[in-house]
Each structure stands twice: as structure tokens, then as C-alpha cells.
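A.B. asks: There's a structure below that I have some questions on.
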Amino acid sequence: MNLIDDPWIPVCRYDGTQEYIAPWQLTAQHSTNPVVTIHTTRSDFDSALMQFLIGLVQTTSLIEIEEDWDWEYPFFDPPSSEALQTQFAAIAHAFELDGDGPRFMQDFHLPEGETKEIATLLIEAPGDNGLRNNLDHFVKRGQVEGMCLSCTATALFTLQTNAPSGGVGHRTSLRGGGPLTTLVRCDPRGTEDDVGATLWRDVWLNVLDPDRFLHTCGNASKNQPQDIFPWLAPTRTSEKGGRDTTPDDVHPAQMFWAMPRRIRLDFEHVGSGHCDICGLSSDALVTQFVTKNYGVNYVGAWLHPLTPHTFDKQKMPLPRHARPGGLGYRHWLGLVHAERDDTRMPARVVQAYANRQRKAQLRLHAFGYDMDNMKARCWYESHMPLYQLEGDLRREFESTVSTLVNAAETVRVYLVGGIKDAWFGKNDPGRKHDMSFISQAFWQNTEGEFYAALRHYAEALEEGEEGLEASLPVRQQWHETLRRQALALFDQWANSEAIAYENSRRIATAHNQLQKNLYGPKLCKTILDIR
Ligand SMILES: [Zn+2]
């Protein structure tokens, strides 16, 4: 199967039709019945295939760079599928999944290695230790025995793109294990024409100006095909005495096609029946692959365009990762706006959106695994709004949003403390219990009102209001929201029947203290940002 020429990407069209398309068919019927979304059976697969398509369009737009490269025109009026077919044809030779020659994202030459069941291609698959220790609760052993070619290709790309550490010498992805990815996407509620949000537009929103892409990270003078697609040549292995791979060693586009794991799919021992991931009937179910450690070891100052970074004291970029507790509005500012002291930078595609057209309403799509070293604990995904403000307005907006989030964090601490006071005595060891479910509920219950507040505030700024005139109503409303939600959650948990019967006086005292905190001067100062 060739991943450029053959239909293998499951998608959904505007009218609900589901089908498999080849990548170049992305824009077919764009003005009548466009492809609107990728539609696999797994969220991590959907997100990986988005990155596959973005990588494909970005990489092929670097082949012939036109001087008058225009971003806006193709957004509204995309290239025809025939034009895309021509554009992608130049690299189709690198996208053979099987066959005797170089294979997509597979080791050029792997004479010997360990044979593994196909299930272990999935990120959440328990490792050997997990199987030995009976920790295979995410994926039960024996549950995934065969995968169709579409799911196999997707699982392979997902693993190479997100690879966690996999034991001695099994390298992590170019962005570390399970990186956080942030994409700019169309908000289904608004574009100026009738076509609305389409998959093409979502892909194109994350393609950078080729010039900008080539000059940020990587070595553009390394422009042989194997500098972009590492599987076209013998692997730069990283055993003792082997080599590391830094941005200086390869072409910038390898960031989309990085291959940290040495893998060779086995197309000789295939099965037939239904794919254990998507249910498709196939007589070529892949059941196993061969792997070996010490593949490409990506080190150094990589700046992947789809990932936000922080910077350490030596100014080295560190890709961000999802953490326990999920992705919520408390992360929003950090994913969208740069920190003024250069310690934090949103993904480059997110930074670029502000300079683009304003005829479409956009949103942020953030996702990633929460990895505990080799183990996938959870998959997180969140859609957040984006506002297109410039210059001083943008700075004013960021400063107020930061205040609102700080105030919410203060209230969260009051709430958790209040519930502990209601439930436990002063020295009760129960106070040390994990109370993260309370924090989770608090963030969730205040999220909708947070974004509503931001929308009103952005509108007020755009209408010409400034300073406290614009932000005071938002701050006051937010204060009211935080108080109301905190007291409601306190009542919900602290007053649960059994506890209330036993400890009514303690609960009343805790309630009074929470009230005092919520109306007290410290929170008022935080909300009004008085220093
Ligand atoms: Zn399948």
C-alpha cells in the first residue's frame, strides 16, 4: 500500500458520509460536500493523522518555494485534488508501507531483532514488565491480534510521533515521550463563506510560511530525501559509539517524520478476519513486527512547530507534556501567549495565527498523553477559544486573563482547604488524602463562565474600552462566579449526609471560614490586581 496514492485515511464528509481517502483527495468536493473530519475509532489516531496531513502539506510546500507564497488564498479556495496529487507525487516513493524497498517509518535494514505482537505498537500497550506484573489493564493481552493496513500505518505513525521511553535504548520521540500538541482549527460556528470548517482548512491553518519554517529549526542545507525521511537510508543508530541526531544533522521537515524506533512490519505472517481496532474485514491483517533498540536518538534544541515549549536556564527549549489533571482553562494562557521573560513559548503555528486573516473564527485544539515514563496513564484533549487581538490590546488582555486564572487558583486552594476542614480534624491523617477530584470539579464547573468572561472582555476591548473600564465588570463577574461555584461545591461535598450528621459543628465552622476567605481582602486584591 502506498500512503500517498491509495485511500487509507478514514474521514467523514459534511453530509455524514464516511469513506477512506488518499491524502490528495483531501480537497475533493470542497465547495459542495467537503471532508470535515478524520474519523478513526481512536482519538490518538485522529490526532496523529491530522499531524500526518499537516506534515505532508508542509513538507511538499518546501519543494518549490514560490516567491509570492500566499497563505490566505488557498485557505478559502484550496488547490484541486489533481493539484495536490501532483504536489504529493514528488515524495510518494517514501510512503510505501510494504514491499521490498524502503518502507514508510520502518527501518531501512533490520536483519535481526525481537518479534513483537502487533498490539505492542499501540502506545498504551503494556510492556514486557507490565505483562509480567499483570499491569495490562489498559489493553488486555490477546485483545488486539490483527490490524488492517490502515490501522497499522496509523499506529506506526502514532508511535513514532509520540514514542515513550521503551526500555534500554528504545528511543523517545523527537519531542520526548507523549508530547503535548496544539493545533489551530476552524471554529465550526464561523467562517465568512458558506463552506465553513473543513479538514483542508484545519490542515492549512497549521502550515507555516516555507521560509519561516526552514529558518527556525533544523538544517535546510541537508536536503537529500533521507534527510527528511530517515527510513530511506540506513538508520543513524545510537548504540555505544553510535551517533546522536541534532537539528544540525537533518532537514527541518524531519520533525514531522522522525523515526526514533527501529521497526519492521511483518507482512509474511498476516492473518485474515476483522481488524481488532476498526472492525474492517481484511485478508491482510498485520499480526507482528520486528524491532530493535538504539534507533535515531534525537537530542538538542528541537522546536517542533506544533508543540509549545518552555526554556530552561541555558535557554534550551523543552517541549511541554500533558500532566495529570488534564488540560483546562488554567493552561490556556500558557498555550496561546508567550511569557514576556522568554521562559515559555506557544507552538509556532499558534503564534502565527495572530498574523493571519480574520475572516474565520478559530480555536485551539490541544492534546497529548499523560505518560508515566513508559506507561500511558491517560489521553487528554481539549478545545479552547482563540481571540485575535493585537499590540497593546493583546497585552492588556493577557494581563487580565492571568489575574482571573490566579484568582481561580486562590479560590481552589480555599475550597480544598475548606472541605478538608469540614471532613477531618486538625491532625487527622485523612487530610493527606488525594483531593484532586475536588480541584477537577472546580476547574470544570468554572470553565464555561471563564470563556464567556473572556469573550465579553475581548469584545469590550475591540469596541474601544480600555483599562479598568473594560476589565472591571469582567473581574467583578468572575469574583461572583468563583464564590458561587466554590460554595456550591462545598455544600455538595461537605454536607453529604453521613458526614453532616457526625460533624455538623465542624462543617459550620469550615463553611464560615470559606465564606470569610471568599469575601476577604486577599481575594479582592487578587481579583482587582492591586499590588
Ligand atoms: Zn483497522
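None of the figures in this text is laboratory data; all of them are computed from the coordinates on show. These numbers come from a predicted model, not from an experiment. Cβ: placed from backbone, ideal geometry, glycine included. Neighbour counts: every protein chain shown.
A.B. asks: Name the long-range amide H neighbours of residue 370: under 5 Å, sequence gap of 5 or more, or other chain; modelled H, no Pro or chain starts.
C.D. replies: HN-HN under 5 Å from residue 370: 377, 378, 379, 380.
A.B. asks: Over the alpha-carbon set of region 286-405, divide Rg by the Kirkwood Rh and report the Rg/Rh ratio to two decimals.
C.D. replies: 1.04
A.B. asks: Let me ask you something else. Mind pulling the per residue volume of the convex hull built on the Cα atoms of region 366-479? Å³ is fine.
C.D. replies: Each residue corresponds to 143 Å³ of Cα convex hull volume.
A.B. asks: Taking the radius of gyration and the Kirkwood hydrodynamic radius from Cα positions alone, what is the Rg/Rh ratio for region 388-435, to two decimal places?
C.D. replies: Taking Rg over the Kirkwood Rh, I get 1.34.
A.B. asks: Given H placed 1.01 Å from N in the peptide plane, which residues other than close sequence neighbours of residue 238 have an amide H under 5 Å from its amide H?
C.D. replies: Hits under the 5 Å cutoff: 243, 295.
A.B. asks: May I pose another question? Relative contact order for the chain: what is it in percent, counting Cα pairs under 8 Å that are at least 6 residues apart? Let's see the in-between values first.
C.D. replies: On the way: 931 pairs, mean separation 75.2, N = 531.
Contact order relative to length: 14 percent.
A.B. asks: Further, regarding this structure: Determine how many Å³ per residue the convex hull of the Cα atoms of region 1-101 encloses.
C.D. replies: That works out to 107 Å³ per residue.
A.B. asks: Over region 410-516, what is the mean sequence separation of C-alpha contacts under 8 Å (at least six apart), divided by residue count, expressed as relative contact order in percent? Please list the in-between numbers first.
C.D. replies: Details: 69 pairs, mean separation 52.1, N = 107.
With pairs under 8 Å counted, the relative contact order is 49 percent.
A.B. asks: So, one more: How large, in Å, is the chain by the Kirkwood hydrodynamic radius built from its alpha-carbon pairs?
C.D. replies: In the chain this quantity evaluates to 25.4 Å.
A.B. asks: Among the listed pairs 426/525; 375/432; 292/313; 292/315, give every one whose C-alpha distance is greater than 32 Å.
C.D. replies: 292/313; 292/315
A.B. asks: Return one quarter of the surface area of the convex hull spanned by the alpha-carbon atoms of region 211-331, equal to its mean projected area, in nm². Numbers along the way, then the final one.
C.D. replies: Numbers: hull surface 48.6 nm².
Reported value for the Cα convex hull: 12.2 nm².
A.B. asks: 222 nm [θ] for the chain, helices only, -39500 (n - 2.57) per DSSP H run of 4+, per residue, to 500?
C.D. replies: -11500 deg cm²/dmol
A.B. asks: With axes computed from alpha carbons, what is the tilt in degrees of helix 43-60 against the longest principal axis of the chain, rounded to the nearest 10 within 0 to 90?
C.D. replies: The answer is roughly 60 degrees.
A.B. asks: Using bins 10 angstrom wide from zero, how does P(r) for region 207-275 break down, in % of all Cα pairs?
C.D. replies: 17, 40, 22, 15, 6
A.B. asks: Using Cα pairs closer than 8 Å and at least 6 residues apart in sequence, work out the relative contact order for region 323-476, in percent.
C.D. replies: Computed over region 323-476, the figure is 23 percent.
A.B. asks: Using mean Cβ contacts within 10 Å as the protection proxy, how do 2-11, 169-178 order, highest first?
C.D. replies: Working: 2-11: 19.9, 169-178: 22.4.
Listed from highest to lowest mean packing, they are 169-178, 2-11.
A.B. asks: Between region 155-179 and region 220-251, how many Å separate their Cα centres?
C.D. replies: Value for the Cα centre distance between the two parts: 17 Å.
A.B. asks: Another question about this same structure. Cβ under 12 Å from residue 53's Cβ, residue 53 left aside: what net charge do those residues give with Lys, Arg +1 and Asp, Glu -1?
C.D. replies: Values: positive: 201; negative: 46, 202.
Taking every Cβ under 12 Å from that of residue 53, the sum is -1.
A.B. asks: Another question, if that's okay. Counting Lys +1, Arg +1, Asp -1, Glu -1, what net charge surrounds residue 178 among other residues with beta carbon under 15 Å of its beta carbon?
C.D. replies: Net charge around residue 178: +3.
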